[in-house]
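Chemist: Here it is, the structure in full.
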Amino acid sequence: MNRLDVIEALMGQKKLKNYLEIGVANGHIFFKVKSSFKLAVDPAFAFDTLRRVGKAILNPSNLSNQYFEKTSDDFFEEDADRVIGKTPLQLALIDGMHEYHYALRDVENTLRYLSDDGVIIMHDCNPLTPGAAVPYDEWVEGPWNGDVWKTIVYLRSQRPDLNVFVLDTDQGLGIVTRRKPEAVLDFTPTRIKALTYDDLAKNRANWLNLKAPDYFYEYFGLKKE
Ligand SMILES: C[S@@+](CC[C@H](N)C(=O)[O-])C[C@H]1O[C@@H](n2cnc3c(N)ncnc32)[C@H](O)[C@@H]1O
């Protein structure tokens, strides 16, 4: 199971539509999503007009895409009120800058525009090596997940209005919904800042509220197709 399976199951079966993707790169996921309201945000899109046209032929819902070639912070500051307005987001994939405070701002900003039953998916929540969890400036090679995992710890500690868990697949898919939390953590922001990869490795299942991939279907009452 990967992030596209999760997106397609929610869109298809729960009929979620209005879609935001933060961090789009070449649009590998974005262009496959079928919805007439899709927002793409990335300061450096890795595709040109020709690819956009080709993808619109393959998936006609891409004809109405809206593209914002800027950081997510700038998008929320400059465009979100106007563009999202009275069309609350129902599904968002947060996959931009993989650092704790960036990912946290992306979640908090997205929540301002998310419908009550909306869903946020966060990529890269479960780094499996110390090298994948370093800050961007120190990253050398291989997968880079950064410290998005700290955002999960923060939300589970500081946001009792949200239920947050991580599916143990595709580098850790964080799922954020406005439901009663199953269990909470008690970390302060100061303590979270000081946590290390070794701390995560010793407490991974508990801190991330790690779930087997199939839990996704159970949680949302979906059929596994
Ligand atoms: C891992 S890629 C996204 C992959 C894509 N979501 C997918 O599933 O195929 C991360 C992207 O985040 C973008 N990015 C970096 N900083 C960002 C920021 N501050 N706001 C939004 N996107 C950012 C990068 O340009 C890069 O294209």
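Chemist: Take the range 100-135 and flag every residue that is within 13 Å of the ligand (Cβ to nearest atom), surrounded by 16 or more Cβ atoms within 10 Å (Cβ to Cβ) and either without any contact (Cβ under 8 Å) to a residue 60 or more places away in the chain or part of a strand (DSSP E or B) (or both).
Modeler: The answer is Tyr102, Ala103, Leu104, Arg105, Asn109, Ile121, Met122, Asp124, Ala132.
Chemist: Of all residues in the range 172-184, which are open to solvent by 20 Å² or more (accessible area, probe 1.4 Å) and either farther than 19 Å from Asp116 by Cα or part of a helix (DSSP H, G or I) (or both)?
Modeler: Residues satisfying the conditions are Ala183, Val184.
Chemist: Of the conditions (1) outside any loop (DSSP other than H, G, I, E, B); (2) over 20 Å from the mean Cα position of the chain (by Cα), Arg204 clears all except one; give me its number.
Modeler: Tallying (1) outside any loop (DSSP other than H, G, I, E, B); (2) over 20 Å from the mean Cα position of the chain (by Cα), Arg204 fails exactly one: (2).
Chemist: If a residue must be within 16 Å of the ligand (Cβ to nearest atom), open to solvent by less than 50 Å² (accessible area, probe 1.4 Å) and of a type in the set (S, T, N, Q), how many such residues does the range 67-90 contain?
Modeler: 1
Chemist: Another question about this same structure. How many of the residues in the range 15-44 are more than 14 Å from the ligand (Cβ to nearest atom), under 23 Å from Gly172 (Cβ atoms) and modelled with pLDDT of 95 or more?
Modeler: 0
Chemist: Shifting gears a bit: Would you call Ile175 within 15 Å of the ligand (Cβ to nearest atom) and either under 18 Å from the mean Cα position of the chain (by Cα) or within 16 Å of Tyr219 (Cβ to Cβ) (or both)?
Modeler: On the way: within 15 Å of the ligand (Cβ to nearest atom): no; either under 18 Å from the mean Cα position of the chain (by Cα) or within 16 Å of Tyr219 (Cβ to Cβ) (or both): yes.
Considered against the rule, which asks whether it is within 15 Å of the ligand (Cβ to nearest atom) and either under 18 Å from the mean Cα position of the chain (by Cα) or within 16 Å of Tyr219 (Cβ to Cβ) (or both), Ile175 comes out as no.
Chemist: Now a separate question. Condition first: open to solvent by less than 30 Å² (accessible area, probe 1.4 Å) and either over 24 Å from Gly96 (Cα atoms) or of a type in the set (Gly, Ala, Ser) (or both). Can you find one or more residues in the range 190-210 that meet it?
Modeler: No, the conditions are met nowhere in the range 190-210.
Chemist: Name, by its number, the condition in (1) open to solvent by 50 Å² or more (accessible area, probe 1.4 Å); (2) out of contact with any Lys or Arg (no Cβ under 8 Å at 6 or more places or on another chain) that does not hold for Asp168.
Modeler: That leaves (2) as the condition not met.
Chemist: Going by what's in this entry, would Thr49 be described as hydroxyl-bearing (Ser, Thr, Tyr) and away from the ligand (no atom under 16 Å from the Cβ)?
Modeler: Yes, satisfied.
Chemist: Another question, if that's okay. Go through (1) closer than 24 Å to Gly12 by Cβ; (2) in a helix (DSSP H, G or I) and name the single condition Lys224 misses.
Modeler: (2)
Chemist: Here is a follow-up. Quick one: in the range 2-49, of everything that is hydroxyl-bearing (Ser, Thr, Tyr) and in a loop (DSSP other than H, G, I, E, B), which residue is least open to solvent (accessible area, probe 1.4 Å)?
Modeler: Ser35
The values are calculated or read from the model by the stated rules, or taken from the named source; none is laboratory data. Worth saying up front: this structure is predicted, and the values here are computed from it rather than measured. As a convention, Cβ positions derive from the backbone with ideal geometry for all residues, glycine included, and neighbour counts pool all protein chains shown. Accessible surface is based on the protein model in full, side chains and every heavy atom, while ligands, DNA and RNA are left aside. Shrake-Rupley method; radii C 1.70, N 1.55, O 1.52, S 1.80 Å.
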